[in-house]
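The values are calculated or read from the model by the stated rules, or taken from the named source; none is laboratory data. None of the values given here were measured: they were computed from a predicted structure. Glycine also receives a Cβ, built like all others from the backbone with ideal geometry; neighbour counts cover every protein chain displayed.
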Amino acid sequence: MSQRRTKRSTQAEQDRSTSAEPDISDLEESIKECVRYIICREGSKIPIKRAEIIKHLNTTCQTPSNMVKTILVEADKIIKRVYGYKLIQVEAKSGIQYIVVLTQECDSLPSSAIDGHHRKLLIAALMHIFMSGAAVKEEEMWKFLMEAGLLEENDHAGRKLMTTTFTRQMYLQYRKVGEGDLARNVFLWGQRAVEEVPKLFLLGKMAEAFDKTPDHWCEQYKEATEGNAV
């Protein structure tokens, strides 16, 4: 009887030990390394796969994968406090990913985000989608950017920037809609743009260009100001 009690007691202690929350102090090095890794990766604006974080922490700190969730929570706190950024979890076909965005909405697209000309191209594309109120067909986007003097007819690098780089960075979505003869590619706002780019800023640019006030475009103004109020 005493042996059974001893076994039960030992098993109960093991269960409590397994289910107990990890001591954050024991994970300090892993948390610091996680912060360093995320900040280093942030410069590319390419989403960071959860699997990549797990692999990196396992390689550098021998961190078990079941501790990564706790480490990410603590790393996010440091990133917010020290750098003014936050982690946003996004779902993708390849699994969970994270993007790093500013904690507070700024007045424009952060100038340090991308190259100057690329920034103008991105702002124009996002503005066109926003003012259209829906997805923009690929051919319509090219026409708009060419008329704006931001894209040459045979500028394949510029097109690749739009369809590949900005989509990988999640500023834009570039997707196929429809089937058969009706199939076409369209552009929409990506999740990073939703998080980082103030619609009121874009509307202000439109107002400057046409010598109007932002509320001239009623629907867009309502959407932009409601977004600011959230």
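Can you pull out every residue in region 127-155 that is assigned to a helix (DSSP H, G or I) and under 22 Å from Val194 (Cβ atoms)?
Listed by number, the residues that qualify are Met127, His128, Ile129, Phe130, Met131, Ser132, Glu138, Glu140, Met141, Phe144, Leu145.
Taking region 95-121 as the search range and keeping residues that are out of contact with any helix residue (DSSP H, G or I) (no Cβ under 8 Å at 6 or more places or on another chain) and farther than 23 Å from Ala224 by Cβ, which one is modelled with the highest pLDDT?
So, considering only residues that are out of contact with any helix residue (DSSP H, G or I) (no Cβ under 8 Å at 6 or more places or on another chain) and farther than 23 Å from Ala224 by Cβ, the one modelled with the highest pLDDT is His117.
Any residue in region 60-75 that's in the same structural domain as Ile96 (by TED's automatic domain parsing) and farther than 15 Å from Ile48 by Cα: show its pairings with residues that are charged (D, E, K, R) and assigned to a loop (DSSP other than H, G, I, E, B) at Cβ separation under 9 Å, as long as the two are six or more apart or on different chains.
What qualifies is Thr70/Glu21.
Give the residue that is farthest from Val35 (Cα to Cα), with candidates limited to residues of region 69-91 that are loosely packed, with under 15 Cβ neighbours inside 10 Å and more than 10 Å from the chain's Cα centre (by Cα).
It comes out as Glu91.
So, of the residues in region 153-162 that are free of Cβ contacts under 8 Å to residues at least 24 places away in the same chain and either within 20 Å of Val100 (Cβ to Cβ) or surrounded by 12 or more Cβ atoms within 10 Å (Cβ to Cβ) (or both), which turns out to be nearest to the chain's Cα centre (by Cα)?
Applying the filter and picking the extreme gives Arg159.
Any residue in region 179-190 that's within 15 Å of Glu139 (Cα to Cα) and touching a residue at least 24 places away in the same chain (Cβ under 8 Å): show its pairings with residues that are aliphatic (A, V, I, L, M) and in a strand (DSSP E or B) at Cβ separation under 8 Å, as long as the two are six or more apart or on different chains.
Arg184/Val177; Asn185/Val177; Val186/Val136; Val186/Val177; Phe187/Val136; Phe187/Leu172; Leu188/Val136; Leu188/Leu172
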